[in-house]
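See structure below.
The values are calculated or read from the model by the stated rules, or taken from the named source; none is laboratory data. The shown structure was predicted, so the numbers you read here are calculated from the model rather than taken from an experiment. Positions of Cβ are generated from backbone atoms using ideal geometry, with glycine treated the same way; all protein chains shown enter the neighbour counts.
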Amino acid sequence: MGIFKLSLVFIFLSFLKLHSQHLDDYKLWLKYNNIEDKNLATDYSNITNSIYLPTTSEIYTNTKKELSTAIPQMLGRESTFTDALRPENSLIIDLYDNLPKDLQLKVEREFKNVSNEGFLIKSVKYNNAPITIISAKKEIGILYAVFRFLHLMQTHENLKEIDLIDSPKLQLRMLNHWDNLDRTVERGYAGFSLWNWQKLPGYIDERYIDYARANASIGINAISLTNVNANALVLTPMYLEKVEALANIFRGYGVKVYLTARFSAPIEIGKLKTADPLDVAVQKWWQNKAKEIYTFIPDFGGFLVKANSEGQPGPQNYGRNHVDGANMMAKALEPFGGNVIWRAFVYSEHDDTDRAKQAYDEFLPYDGKFMDNVLVQVKNGPIDFQPREPFHPMFGAMKKTPLVMEFQITQEYLGFSTHLVFLPKLFEEVLDSDTYQKGKGSTVAKIVDGSLYGNKLSGMAGVANIGTDINWTGHPFAQANWYGFGRLAWDPYLSSEMIADEWLRATYNNDQEFIEPVKKMMLMSREAVVNYMNPLGLHHLFDTGHHYGPGPWVNNLGRPDWNPVYYHKADTMGIGFDRTPTGSNATEQYAPYLANLYNDPKRIPEEYLLWFHHLPWDYKLKSGESLWDGIALKYQKGVNQVSEMITTWNNAKPYLTEGQYKEVEMLLQIQLKEAKWWRDACLLYFQTFSQRPLPAGVEKPANSLEYFESLKFPFAPGIRPQWD
Ligand code: GCW
């Protein structure tokens, strides 16, 4: 065989390897790898030998399906299932109320602490034999418990003496898809939308089921299918029939469907002349629409609404306000048990106060005025999903309204699906932030779970990073962000370290030599991206529109607050946005303790420094470096951290298949290249103001500023076709 043919064969073989790796990636954290440790496998076999599970409903059937897929894969043998309780059963799975009295007594005490969606898994002695009980109040709790049980097997936990109860701390654990009806995904970097509208309702893609399994396995119980920049057509019968088909699948996994409601729908699909929320015909239209939707989907979740934001229609078009708009829809949904989730992501082109202040100013006066089935959804920070932002000041300040936390799982501002960034670290930082609004310890987590102010509803939403890519999320490690979001929505007090550990074990392997360094790499990855993109509180330096790569020089867009120069305010004197009383005074929206802290450049945590202060280039940082040197060194540090990530991954090679190693290795190389691009482009640009040399230790830029400014990306993914 000639060299040419040989290399073709080689290329083909590596393609096959990578392809089969992708197929494996499809399984997400539900790999159920064979358990090689004989003792562990014997223990698990004893526990799962004979399973009592009455298959009386769809959720139970799905539960049984999961067990029958997972156990043979992990243990190489099948379990016996019975519908009738038998003495030989080693695992007993049923609702608490259905358990025989003597079994109930065995778990009665613990069960008191299980909530409606929670569960219990406990080893007990029954008829002198060790058995395991999995029980819950509702069927969905049973499904969650079984997923957890299987996860514990995947992560090689000792289950012989298991005694576990767990209940979700938040009610609404939701994914927001920004999927358009043409299957493009706004800010989506993992292919097209999963929802094949053209083939629905007749064709049910197996993927819908696997998507629902993955969500249920981490407790996600709601999804909004469509983009918040909404198309009213999804509310017409032609689409509702398709939505119904999806809802029918998801129901069996405890996932409720929500839709985004375009405020002007009464005009666009209802032939009305207005969408004024105080107009009786408009109100009637929404009431009828709700009624119609519930005939298709009896457990429909409700509407998610982006109104009067970035050109979307809303009540303000008619001189009305957010309460008028939200309550009108809430009234229509109320008879059927539906919710309105009204987004607080608003900033107006007619308002020249600091964009970071606008949502708070606009919404605070409405606290306590929304109907009981309205939740207000607030992004984690006051600008827009930046690599780092201080928490949004509405958290803690808006006391009488349930606030849903909105995180972005898709990496619009964090390197798309090419950069390895473990987001639970970011989520954790926000959730652990102390708002001081009700004294010390008033953390964002306590606001979001409703415990601080006793709100009746609670929730967390994540903008999905999921698409038709075989591996779902574009980057294999981006799966960890979907996973981690779900875990934190279930329990906002979990640590990101534990989440990384769980995910790695279920996704890759349980070898400690692999887990420890790779976990460290994941936990460091978020700080790395902050360093090489937006260090020391800088923000929104992204090239505009697509947000791919740096564009700190952009200053020519229609609205000032769409231009990066608005955010960094670099000039010959210094850099940063003064949000203290000498500037926009955004700090006054925080509790006095924090406002004082943030106002003082000497005391403020330095990661927020330039978010709140405009400081001279020679300002002295805590390290003793000048601000200019400090910024430059942070950019360099970010690049160095990516190099370290590459070393870690190379060292992990013995614990990985070639495919697993290769796909992440290639992505890390791109990340390194792009980290350098960020460093060089930003430093060259800021240097035109600082007029200072790069400090020792910072590599020389590989190209000129003109070169970086000339880069254009007309087909960058995820951008909406036009801003309307
Ligand atoms: O971050 C911005 C995005 C828009 C998005 C908007 C929002 C869906 O750039 O693409 O629109 O936020 O959250 O509404």
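The rows are residues; the columns are (1) assigned to a helix (DSSP H, G or I); (2) among the hydroxyl-bearing types (Ser, Thr, Tyr); (3) over 23 Å from GLU429 (Cα atoms); (4) out of contact with any Phe, Trp or Tyr (no Cβ under 7 Å at 6 or more places or on another chain).
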position	(1), (2), (3), (4)
LEU594	yes, no, no, no
TYR598	yes, yes, no, no
LYS622	no, no, no, yes
LYS634	yes, no, no, yes
SER643	yes, yes, yes, yes
PRO654	yes, no, yes, yes
LYS662	yes, no, yes, yes
Among strands (runs of 3 or more DSSP E) lying entirely in region 90-188, which contain 2 or more residues that are modelled with pLDDT of 95 or more and touching a Gly at 6+ places or on another chain (Cβ under 9 Å)?
119-126, 129-136, 163-166, 172-176
The number of residues in region 331-354 that are part of a helix (DSSP H, G or I) and surrounded by fewer than 24 Cβ atoms within 10 Å (Cβ to Cβ) is 4
Within the set of pairs 6+ apart or on separate chains, which have a first residue in region 308-320 that is near the ligand (Cβ under 10 Å from one of its atoms), a second that is outside any loop (DSSP other than H, G, I, E, B) and at pLDDT 95 or above, and C-beta atoms under 7 Å apart?
SER309/ARG343
Pairs, first in the same structural domain as ILE447 (by TED's automatic domain parsing) in region 383-394, second in a loop (DSSP other than H, G, I, E, B) and among the aromatic types (Phe, Trp, Tyr), C-beta under 7 Å, six or more apart:
PHE385/TYR413; GLN386/TYR413; PRO387/TYR413; PRO393/TYR590
Checked region 212-265 for anything touching a Lys or Arg at 6+ places or on another chain (Cβ under 8 Å) and farther than 23 Å from GLY462 by Cβ; matches are ALA232, LEU235, ALA265
Reported set for region 359-380 where residues are within 14 Å of the ligand (Cβ to nearest atom) and either in a loop (DSSP other than H, G, I, E, B) or free of Cβ contacts under 8 Å to residues at least 24 places away in the same chain (or both) is ASN380
In region 398-422, how many are more than 30 Å from VAL323 (Cβ to Cβ) and away from the ligand (no atom under 14 Å from the Cβ)?
7
Out of SER496, SER458, which single residue is of a type in the set (S, T, N, Q), farther than 19 Å from MET645 by Cβ and either surrounded by 22 or more Cβ atoms within 10 Å (Cβ to Cβ) or in contact with a Pro (Cβ under 9 Å, 6 or more places away or on another chain) (or both)?
SER458
List, please: which pairs have Cβ atoms under 6 Å, are six or more places apart or on different chains, and start with a residue in region 123-151 that is under 14 Å from ALA214 (Cα atoms) and end with one that is polar (S, T, N, Q) and at pLDDT below 95?
none
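Let's see how each residue does on (1) more than 24 Å from HIS350 (Cβ to Cβ); (2) of a type outside the set (A, V, I, L, M, F, W, C); (3) surrounded by fewer than 19 Cβ atoms within 10 Å (Cβ to Cβ):
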residue	(1), (2), (3)
VAL255	yes, no, no
LEU272	yes, no, yes
ASP276	no, yes, no
PRO298	yes, yes, yes
GLY302	yes, yes, no
From the residues in region 687-707 that are within 25 Å of GLU644 (Cβ to Cβ) and touching a residue at least 40 places away in the same chain (Cβ under 8 Å), which one is surrounded by the fewest Cβ atoms within 10 Å (Cβ to Cβ)?
GLY697
Whether any residue in region 561-576 is in contact (Cβ under 8 Å) with a residue 12 or more places away in the chain, polar (S, T, N, Q) and within 16 Å of the ligand (Cβ to nearest atom) is what I want to check.
yes
